[in-house]
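A short write-up of the structure that comes next.
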Amino acid sequence: MNAGGPEINPIDEVNNGKAQFGITSGDSIIIAKASQQNFVSVATIFRENPLAITSLTKDNIQKPEDLIGKTVGVYSLDLTNFFDMPFLAFLSRTGLERGSMKYALIEDFQGANEIKAGNMDAMSGMFATDQQVMAKDAGDELNFIYYKDYGYDVYINTIFVKEELTQSSPELITRFLRATMKGYEYAIENPEEVAAFAVKYDSTLDLAYQQNVMQTQIPFINTGDAPIGSMDDDVWNTTQDILLEFGLIKKAIDLSTVHTNEFLAP
C-alpha cells in the first residue's frame, strides 16, 4: 500500500505498476480514457459529492442568488484552475453570471479561516467533511450550498484499476472490494472505534477530530438508497456532460468502459 497525498498522482501510480488499485475522481477516469489510458472505476467511497460553497451561518448565504454581490473564494482568480470547474458548472446550471460576484484566492484551506479573516464571504469547493469539522472545532457554524444539488454530482473518490486487471484477475478485484466494503460497513456501525484505529497507527492524530470526521462522512458513504460502494449511470453521464461542456474532452466516450459495479458483492 502506498500513501496518498497532493504530491502523488494515483493515475500514474496505477499506470506504472506501483499499485494495482488507486483512488481518484470520476472525471479523471473519463479524461484518462479520452487520452487512450484504459482504467475502470470499480467502486466509489462517497456515493454523494461532499463539495459545497461554504459560508458562516450568520451571513445568511443559503441559496445561489445570495452570492450575488459577494466575494467568493476560488482556486484561481480567472477560474481556469481544474478545481474551479465545479464552481463554473454551478454557475452554468443556476444561471448566475460570472460578473455578478467578486473573487478572492483561497490560500488557507483550514476550516473557515479565510471567511473569518474577511478575505471572502464564501469559499467554493470546500469539503463538507474534514473542513467542516475543522470549522466547528474552531466554534464556527456553517451554511452549505452543495454542488450536487445544482447539477454537479460527480464521484470524487472512485476505486479504480487498469482495464487489463478486470480481465486477468477479476477474483482479486472482487476480494479486494469485499474486504474494503466490509471495512466501511464496520466503520459506519462503529465510527468511534474505527477512529481510534487511525490514532493507534498515527499518534499525531487527534482522536476527537477523527471521530467527528468519521461521523460527518457517513451520510456521503451510506446514502441508504443503494449498496455502499455502488455507482449510478446518471452520475457518470452528468460527469461526461460537464467535461464536454468545458472542453476537457473533445468527444463523448462509451461510459460503460470506465465504470462497473460487477465486482461488488450483491
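Miscellaneous remarks
- 1.4 Å probe accessible area per residue over the chain, in Å²: 50
- An ellipsoid equivalent to the range 60-117, defined through the eigenvalues of its Cα gyration tensor, has semi-axes of 18, 15, 10 Å when rounded to whole angstrom and sorted largest first.
- Projecting the Cα positions of LEU205, GLN36, ALA117 onto the charge dipole of the chain (unit charges on Cβ atoms of Lys, Arg, Asp and Glu, taken about the Cα centre) puts GLN36 furthest along the positive direction.
- Three principal axis lengths of the range 164-219 [C-alpha, angstrom, descending]: 43, 24, 14
- Percent of Cα-Cα distances greater than 33 Å, calculated over the chain: 23
- Residues GLU141 and ILE218, FRET efficiency given R0 of 22 Å [Cβ-Cβ distance, rounded to 0.05]: 0.60
- The chain, relative contact order [Cα under 8 Å, separation at least 6], %: 31
- When you filter the GluC sites (Glu not before Pro) in the range 67-164 for DSSP loop state and at most 13 other Cβ atoms inside 10 Å of their Cβ, you are left with GLU97, GLU107, GLU141.
- Accessible-area composition of the chain, carbon plus sulfur, in percent [1.4 Å probe]: 49
- Placing a pseudo-label 7 Å from each Cα along the Cα-to-Cβ vector at GLU262 and ASN119 gives an inter-label distance of 4.8 nm.
- Pairs over the 18 Å Cα-Cα cut-off, from the set LYS63/LYS136; LYS102/LYS148; LYS58/LYS102; LYS18/LYS182; LYS116/LYS136: LYS63/LYS136; LYS102/LYS148; LYS58/LYS102; LYS18/LYS182.
- The C-alpha atoms of the chain define a longest principal axis, and helix 191-201 lies at about 80 degrees to it.
- Spin-label model, ALA252/SER230: points 7 Å from Cα along the beta carbon direction are separated by 2.4 nm.
- Filtered GluC sites (Glu not before Pro), the range 4-71: DSSP coil and at most 11 other beta carbons within 10 Å: GLU7
- Rounded to the nearest 10 degrees, the angle from helix 170-189 to the longest Cα principal axis of the chain is 40 degrees.
- Relative contact order of the range 47-202: 33 percent, from C-alpha pairs under 8 Å at least 6 residues apart in sequence.
The values are calculated or read from the model by the stated rules, or taken from the named source; none is laboratory data. As the structure is a prediction and not an experimental result, all values here were calculated from the model. Glycine also receives a Cβ, built like all others from the backbone with ideal geometry; neighbour counts cover every protein chain displayed. Just the protein is used for accessible areas: all its heavy atoms, side chains included, with ligands, DNA and RNA removed. Shrake-Rupley method; radii C 1.70, N 1.55, O 1.52, S 1.80 Å.
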